[in-house]
Every structure is written in C-alpha cells, then in structure tokens.
C-alpha cells in the first residue's frame, strides 16, 4: 500500500464530505494503518462503515476485521460517529 501523505489525507477528507466512496475507504485505510494519522480503530471502523454503505465491498471486509478486534463499546462509538457524520454529509 502506498504511503498516505498529509496532502492526500486532506484531499480525502474534502472528498469524503462530498460522499465519495473511494475517499471514505481511503480514510478507513489511513486510520486503520496509521498512515498520515495515528492508528484509531474507532475512526477506521466509522470510515469503512460509511464506505461500505456506499457500495465498497472491500470496506465491508476491513470493517468486519476491525470489529473482530474491537470491544462492543468501541463498535457502538464508531457506529454513532458514522450516524452523526451522515447528518451533515450525505
């Protein structure tokens, strides 16, 4: 996987606000691997969940893998964050 630099990360964040599935997926990859940001499984699950909702099959697998390593509380937080994100960025 290519290294995600800070400029790419900022672009993914802008594109995610437009609902671009690839940007949501790439943010999930960044947060799950710590590229350009610290590893954050809750944030990664949120981004993969949002990407999966937009039809990215690979995001479903990553989300499920993360969920197997997370507590119920962490998963609930990630789902809550995804719902909140959807209120502002559909």
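Taken together, the values in this text are just the output of simple stated rules run on the coordinates, not laboratory data. In this text the structure is predicted, and so the values were computed from the model without any measurement. Don't worry about glycine lacking a Cβ; one is built from the backbone with ideal geometry, like all the others, and counts go over all protein chains shown.
Starting from the Cα-Cα distance between residue 15 and residue 58, subtract it from 0.36 nm times their residue separation and give me the gain in nm to one decimal.
13.6 nm
Only Cα pairs under 8 Å and at least 6 apart count here; give the relative contact order of the chain as a rounded whole percent.
26 percent
Would you kindly state how much longer the chain becomes between residue 83 and residue 6 on full extension, computed as 0.36 nm times their sequence separation minus their alpha carbon distance, in nm to one decimal?
25.1 nm
Can you tell me how the stretch 49-90 classifies by the Cα gyration tensor, rounded, prolate or oblate, using a/c under 1.5 as the rounded cut? The partial results should precede the final answer.
Details: a/c = 4.45, a/b = 1.15, b/c = 3.87.
Judged from the Cα gyration tensor, the stretch 49-90 comes out oblate (a/c at least 1.5, b/c at or above a/b).
Hey, how many Å between the Cα centroid of the stretch 1-54 and the Cα centroid of the stretch 72-90?
14 Å
Taking the chain as a Gaussian network, where each spring joins two C-alpha atoms under 10 Å apart, which residue of 69, 77, 13 fluctuates the most?
So, out of 69, 77, 13, the one fluctuating most is 69.
What is the order of 32, 71, fewest Cβ neighbours within 10 Å to most?
Placing the least packed residue first, the sequence is 71, 32.
Computed on alpha carbon atoms, what radius of gyration and Dmax characterise the stretch 7-88, expressed in Å?
11.4, 33
Tell me, 42, 37 in order of fewest to most beta-carbon neighbours within 10 Å?
Fewest to most other Cβ atoms nearby, the residues stand as 37, 42.
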